1. Past 27 Å, Cα to Cα, is the threshold; run 279/317; 59/349; 261/281; 96/308 against it and keep the listed order.
2. Looking only at 249, 128, 86, which one moves most when the chain is put into a Gaussian network model with springs between Cα atoms under 10 Å?
3. I need the phi-derived Karplus couplings for the range 341-354: 6.51 cos²θ - 1.76 cosθ + 1.60, θ = phi - 60°, integer Hz, Gly and Pro marked x.
4. What is the local net charge at residue 356, summed over the other residues whose Cβ is closer than 10 Å to its Cβ (Lys, Arg +1; Asp, Glu -1)?
5. Answer with one residue from 344, 367, 314: the one whose Cα lies farthest towards the positive end of the charge dipole of the range 270-381, charges on Cβ with Lys, Arg +1 and Asp, Glu -1.
6. To the nearest 10 degrees, how steep is helix 120-129 against the longest Cα principal axis of the chain, on a 0 to 90 scale?
7. Is there a quick way to get the dipole size of the range 79-202? I mean about its Cα centre, with the Cβ of Lys and Arg at +1 and of Asp and Glu at -1; what is the value in debye to the nearest 20?
8. In a GNM of the chain with a 10 Å cut-off on Cα contacts, which of 194, 81, 268 has the highest mean-square fluctuation?
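Computed from the coordinates by the stated procedures, all read-outs in this text should not be read as laboratory data. The model shown is predicted, which means the values in this text are computed figures rather than measured ones. Counting neighbours? That spans all protein chains shown, and the Cβs are built from the backbone with ideal geometry, glycine included.
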Amino acid sequence: MKKLLIIAAACMAVLSACSQDIGEPEQIVQETEESTEEKAIIPKYRISEDYYKMLVPFKTSEARGLVASNLNTRFDVDEFETGLMRMASDKFPTDKYVFQEGQYLDKKTVQNWLSRKLEGKDLEEAKRKDKSFKNEGLNPPESSEKSPIYVTHILEHNYLVKKDEKTLELGGVSIGLALNSVYYYRTEDGIQKENKIDKATIEKKGKEIAQVVVKRLRDIEGLEKVPIVVSLYEQAPKSSIVPGHFFARTIVDGGSENIGKWENINEEYYFFPSEEGTKKKPDDANTFKRLKGDIEDFFPNYTGVIGKAFYQDGEMKQMKIEIPVQFYGKTEVIAFTQFLTGKVVEYYKDYISLEVTINSSRGPEALIVREPGQDKPTVHVFQ
């Protein structure tokens, strides 16, 4: 018997200045494979067109928490999770689908798939300890201490869609495979070393693993016929101050278990000021340098400015700037914020998503935000 999840659309507490009204309250039912009933809420508002509506109370994945332990940095965790939604948005538009964390891959399954494939005595020992053991590891057997782990995490997102005016059903699944660009290992004497993995190998192994994952997903009840978006993510080294990036995506039609054509994804992050940013993006590095110089001329108590830029197909799409300063009064905060607002609007075009945070030892002092297409930024001075 299928579970009926009754959903009463309601208004959530969000900033109305940047919210999008999605219509009047409605009664909706979600079909699943279980036989109980649960009540939930679809928010009446969503923060922006870039975000999906999400069921409340938020239904977490059984594999929740693994992403934080399996990826190298907090930057990768955030980008992998939010970027995976971006990868799915072409196939599952934000105005037609409702987001839900993955409900089909549990923690044990993900851990099993991320393990090494066993062979020889290791396989015999595993079967002796557990007669139900499944040799499902997607990573290669450990032939030496340098043998790399290729896939380090598998993330599942579900997208719900209206079956009719009163019913929600699973409309599709998005799967992200996080792949190592550097494999870290320890020698027999406990010294940590690293083995860099070249891009061609990352892509080859990622696509091979993706095909195996799709075939396994089709064997799971409820996922036999839905479309599946698979995205490959190269995570950054542990020492990186910017996240990694998605580099390939494919869409598997409902009912199919074979991956066809892959789409190349050209996304990357750069940190300013940095040697790499100056080398790869000299014009943007120069713009940031001029902004930095203007701040130094205006405010003698300034201690530094850092920027993180996001690029798609070689074009800057987002710039986040953090400025730590030491203020001695609220009037200084206001004066500096006004000055800085004019400068960032001058230097960065209106098609770029812009976020500037001003902090002091007391905490956040001011925030400047401008979404693409906005004439004027939204500015807030914290009291």
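1. On the way: 279/317 19 Å; 59/349 39 Å; 261/281 31 Å; 96/308 31 Å.
Table pairs above 27 Å Cα-Cα are 59/349; 261/281; 96/308.
2. 128
3. Using θ = phi - 60°, the values come out as 4, x, 6, 5, 5, 5, 8, 10, 5, 6, 8, 9, 6, 10 Hz.
4. On the way: positive: 320, 343, 370; negative: 322, 355.
Neighbour charge sum, excluding residue 356 itself: +1.
5. 367
6. It works out to around 80 degrees.
7. Values: 21 positive and 22 negative charges, 50 e Å.
Roughly 240 debye, rounded to the nearest 20.
8. 194
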